[in-house]
Ligand code: 13P
C-alpha cells in the first residue's frame, strides 16, 4: 500500500522568524493530536537547519523546495542536495511547475537534480501536471507521462521507491480552482498505470501519488477518499496551522 502523505510547500513565504513560529505551532498541534498520515513541510533553504532542530522528525518530516543540478563547486547562489541533507531534511521537491516555467528547468536539468538528490539520501516529491491549454486540448495524459519519462524513468525500481509523485494541474495552483475529485482520480489512476507499465504492479501500488492545486480542508476529504489519491501537496493552505491541520485531519 502507498503511504498517505500530506506535504506543505511554503514557496517563497515566511521570513525566518515567521517560519520558525509556524513550524513550532504545527509541531505542538501534531504532538497533541497525532496525524494518521505522514506529514512533510517543505521550506525555503534558509529555514531548514533551524526548523529541523525544532520539529519532532517522528511526526513531521522536513523538505527543501529545490536543490542544485550540480554536486558542488563554483555555482554562486546554489544549494546542493548534500547541503539540504546536512540540515536534517529528508525530502526535496523537484519539478514544480513554477520552477519549470519561471526558472526554465528542463527535463534534463531535473534528471540531474533527481540523481543528486537520491545519491544524497533524499526522498523526492516529484511534481508533474498540465497547463490549462494542454487540458483543454486533452493532452494531460501525454504531458504527465512525458514528464515522468523525461526525469525519473531512468531510475531502477529500487531508486524509484524514493519518489513520491505530486500531480499538480497548473490551472489549479493558487487559483482557487480545484480539479474535481473525479478529474483528479482519473489522471491519478492513469499515472499509476504508467508507473505499473514501467516498474510493475507492486511498485505502482506502493507509489504515493499526491494531488496539489487549491487543496484545502473543505475539499481534502473528497479528494483523499479516492482510491488513487494518497494525499496532497499543499501551497497556500500550508501557511496557517489550522488550515494545514484541517487537511491532515482529512485522513482521520
Ligand atoms: P496551492 O495549494 O496554493 O494551490 O499550491 C499548490 C502547489 O503548488 C503546491 O506545490
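A short reminder: the numbers here are calculations on the coordinates, not readings from a lab. This is a predicted model, so every value here is computed, not measured. Cβ sites come from the backbone with ideal geometry, for glycine too, and all protein chains shown count toward neighbours.
Before moving on, here are some points about what is shown:
- A Stokes-Einstein calculation at 20 °C with viscosity 1.002 mPa s, built on the Kirkwood radius of segment 181-223 over Cα pairs, returns a diffusion coefficient of 190 µm²/s.
- Here, segment 169-252 yields an orientationally averaged convex hull projection of 5.4 nm² when only Cα atoms define the hull.
- Percent breakdown of C-alpha pair distances by 10 Å bin, ordered from the shortest bin, for segment 93-164: 20, 52, 23, 4
- Of the Cα atoms belonging to segment 101-252, the radius of gyration and Dmax stand at 15.1, 40 Å.
- The order of 243, 58, going from fewest to most other C-beta atoms within 10 Å of their C-beta, is 58, 243.
- Considering all different alpha carbon pairs of segment 56-111, the Kirkwood hydrodynamic radius works out to 12.3 Å.
- Between segment 202-252 and segment 47-96, the Cα center-to-center distance that results, in Å: 22
- In the chain, the calculated helix contribution to ellipticity at 222 nm averages -12000 deg cm²/dmol per residue, counting -39,500 (n - 2.57) for every DSSP H run with n ≥ 4.
- Exposure proxy for 226, 177: other Cβ atoms within 10 Å of each Cβ, ordered fewest to most, give 177, 226.
- Per residue Cα convex hull volume in Å³ - calculated over segment 25-138: 136
- Ranking of 164, 203 by count of other Cβ atoms within 10 Å, fewest first: 203, 164
- Choice from 23, 119, 179 with maximal GNM fluctuation in the chain (Cα, 10 Å cutoff): 119
- Considering only 185, 82, 18, the Gaussian network model of the chain with Cα springs below 10 Å gives its largest mean-square fluctuation to 18.
- Kirkwood Rh, angstrom, segment 9-50 [1 / mean 1/r, Cα pairs]: 11.1
- Relative contact order, whole percent, for segment 24-87 stands at 33, derived from Cα pairs under 8 Å and 6 or more residues apart.
- Candidates 93, 229, 173, ranked by Gaussian network fluctuation over the chain, Cα under 10 Å, top entry: 173
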